[in-house]
């Protein structure tokens, strides 16, 4: 995974948590979504400065990471973040971003590079 994806993932997750503390739920949800999307794109080997021709929504990225069969919680959280990206349910958004990060990280640890 290109380090820029990890930097984006952690930066946006930090911004989501900061927005939650400041009471800006919409910014928290948006940044939680961007955090999860950055990690997913990195896990799939996307180039961090290009590949605009390959535009996919978060649920499709998550399905691809898990070979079309993601854990139910991953599927549920990806759909939730997609749906709630500009909502006011900051705690749910951040919880889903953190869960996706854990599931993707664990999946990457257990799969062999192709």
In segment 88-107, the residues that are within 17 Å of residue 13 (Cβ to Cβ), in contact (Cβ under 8 Å) with a residue 40 or more places away in the chain and touching a helix residue (DSSP H, G or I) at 6+ places or on another chain (Cβ under 6 Å): 90, 93, 94, 96, 97, 100, 101, 104
Going through (1) in contact with a helix residue (DSSP H, G or I) (Cβ under 9 Å, 6 or more places away or on another chain); (2) in contact (Cβ under 8 Å) with a residue 40 or more places away in the chain; (3) over 27 Å from residue 22 (Cα atoms) one by one, residue 64 fails only at (2)
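When you go through 76, 95 one by one, which is the residue that is assigned to a helix (DSSP H, G or I) and farther than 17 Å from residue 61 by Cβ?
Numbers: 76 fails: farther than 17 Å from residue 61 by Cβ.
So the residue among 76, 95 that is assigned to a helix (DSSP H, G or I) and farther than 17 Å from residue 61 by Cβ is 95.
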Those residues of segment 78-87 which are within 12 Å of the chain's Cα centre (by Cα) and in contact (Cβ under 8 Å) with a residue 24 or more places away in the chain, in sequence order: 78, 81, 82, 85
When you go through (1) surrounded by 15 or more Cβ atoms within 10 Å (Cβ to Cβ); (2) more than 19 Å from residue 111 (Cβ to Cβ); (3) at pLDDT 95 or above one by one for residue 84, which number turns out not to apply? (3)
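Residue by residue, here is whether (1) crowded, with 18+ Cβ neighbours inside 10 Å; (2) without any contact (Cβ under 8 Å) to a residue 60 or more places away in the chain holds:
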{"site": "16", "(1), (2)": "yes, no"}
{"site": "20", "(1), (2)": "yes, no"}
{"site": "23", "(1), (2)": "no, yes"}
{"site": "29", "(1), (2)": "yes, no"}
{"site": "33", "(1), (2)": "yes, no"}
{"site": "37", "(1), (2)": "yes, yes"}
{"site": "40", "(1), (2)": "yes, no"}
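The values are calculated or read from the model by the stated rules, or taken from the named source; none is laboratory data. This structure is a prediction, so every number in the text was calculated from the model and none was measured. We place every Cβ from the backbone using ideal geometry, glycine too, and count neighbours over all the protein chains shown.
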